[in-house]
1. Given the Cα-Cα distance of residue 10 and residue 78 and 0.36 nm per residue of separation, how much length would full extension add, in nm?
2. May I ask for the net charge around residue 241, where only other residues with Cβ less than 13 Å from the Cβ of residue 241 are counted and Lys, Arg are +1 while Asp, Glu are -1?
3. Please give the net charge around residue 116, taking every other residue with its beta carbon less than 12 angstrom from that of residue 116, where Lys and Arg add +1 and Asp and Glu add -1.
4. Among bridges DSSP assigns within the chain, what percent are antiparallel (round to 5)?
5. Compute the relative contact order of the chain as a whole-number percentage, counting only Cα pairs closer than 8 Å that sit 6 or more residues apart in sequence.
6. Mind giving me the nanometre distance, one decimal, between the label points for residue 94 and residue 241, set 7 Å out from Cα along Cα→Cβ?
7. Can you tell me the Rg and the Dmax, both Å, for the Cα atoms in region 30-244?
8. Helix-only estimate, please: 222 nm mean residue ellipticity of the chain, summing -39500 (n - 2.57) across DSSP H runs of length 4 or more and dividing by its residues, to the nearest 500.
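Each value in this text was obtained by applying a stated rule to the coordinates, not by laboratory testing. This one's a predicted model, so the numbers in the text were calculated from it and none came from an experiment. Every residue, glycine as well, gets a Cβ built from its backbone with ideal geometry; the counts of neighbours run over all protein chains shown.
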Amino acid sequence: MEAEGQITEDAILGGRLRIRQPSRGHRVGHDAIILAAATSARTGEHAVDLGSGVGAAGLALAARIPELKVTLIEIDPALCLLAAENARLNGLDDRVRAIALDVEKLEVLRGAGLSSDAIDRVLMNPPFHDARRQNVSPDPRRRLAHVGAPGLLARWIGAAAWLLKPYGTLTLIWRADGLDEVLDSLRPAFGRIAVLPVLPREMAPAIRVIVRAVKAGEGPQLSYAPLALNDEHNRPTAAAEAILRGGKTLNIAEP
């Protein structure tokens with residue numbers, strides 16, 4: 001429903017979560033729910049969602065894992081306030097908190113009470129459009145959510161490496177055509193990398209990749225069967241519906 005201040009309240013995950021978000025600009029979409037479905041976590045752990053926006057991915061993860069502590073980090077103060085409100089709206093504010101700060105400033109992360117080598121899981125959906133190569137939105141909030149400066153991915157992965165415990169897990173979503181950049185950025189600190197492509201429809205080229213990596217992990221790179229969002233008739237696939245509406249996890253999420 002439409003609310004004051006051009007905010008809407010929307011059901012996601014088949015109504016399991018209610019999310020308040022701006023009616024214009026960046027809106028919660030498939031990427032956040034797929035990211036949460038690909039993120040492994042266990043009861044009692046601490047997960048950090050970098051660039052959380054209004055909190056959809058982190059909240060979807062918290063809703064799935066009992067007693068999981070989640071910290072949502074978002075640079076836009078207005079979106080961060082909505083993320084905190086969404087935690088309360090869904091009865092998760094006893095273990096989900098939202099902090100407005102810049103992911104890339106490690107000293108600020110430390111000042112917010114986050115310690116190096118202390119986090120079990122990091123998930124992130126960084127801004128992945130390059131203003132030098134792609135048309136960008138004139139809307140400043142949407143542009144902030146979608147457009148990254150050169151080197152942003154490597155810096156965010158560096159922040160994840162700083163936060164994570166040894167053998168902690170990073171899960172991220174990125175443009176499929178930027179997979180090589182993801183792998184190059186991960187290799188200094190991460191191993192045991194796994195990749196799952198996301199297709200807009202069956203037999204089409206991938207538009208996104210989900211990548212899971214383990215800090216200080218070792219082992220060969222793993223490839224998972226792709227997730228197709230729609231079939232050849234442009235209808236949602238059963239696999240996509242199970243994840244986006246039914247709350248099912250992706251195979252790439254560790255047991």
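1. Details: separation 68, 0.36 × 68 = 24.48 nm, distance 1.75 nm.
Roughly 22.7 nm would be gained on extension.
2. On the way: positive: 235, 245, 248; negative: 231.
Computed value for this residue: +2.
3. Numbers: positive: 110, 165, 215; negative: 107, 117.
Around residue 116, the surrounding residues sum to +1.
4. On the way: 23 of 47 bridges.
In the chain, DSSP labels about 50 percent of beta bridges as antiparallel.
5. Numbers: 555 pairs, mean separation 46.6, N = 255.
Answer for the chain is 18 percent.
6. The answer from the label model is 3.5 nm.
7. 16.6, 51
8. Using -39500 (n - 2.57) per qualifying helix, the result is -8000 deg cm²/dmol.
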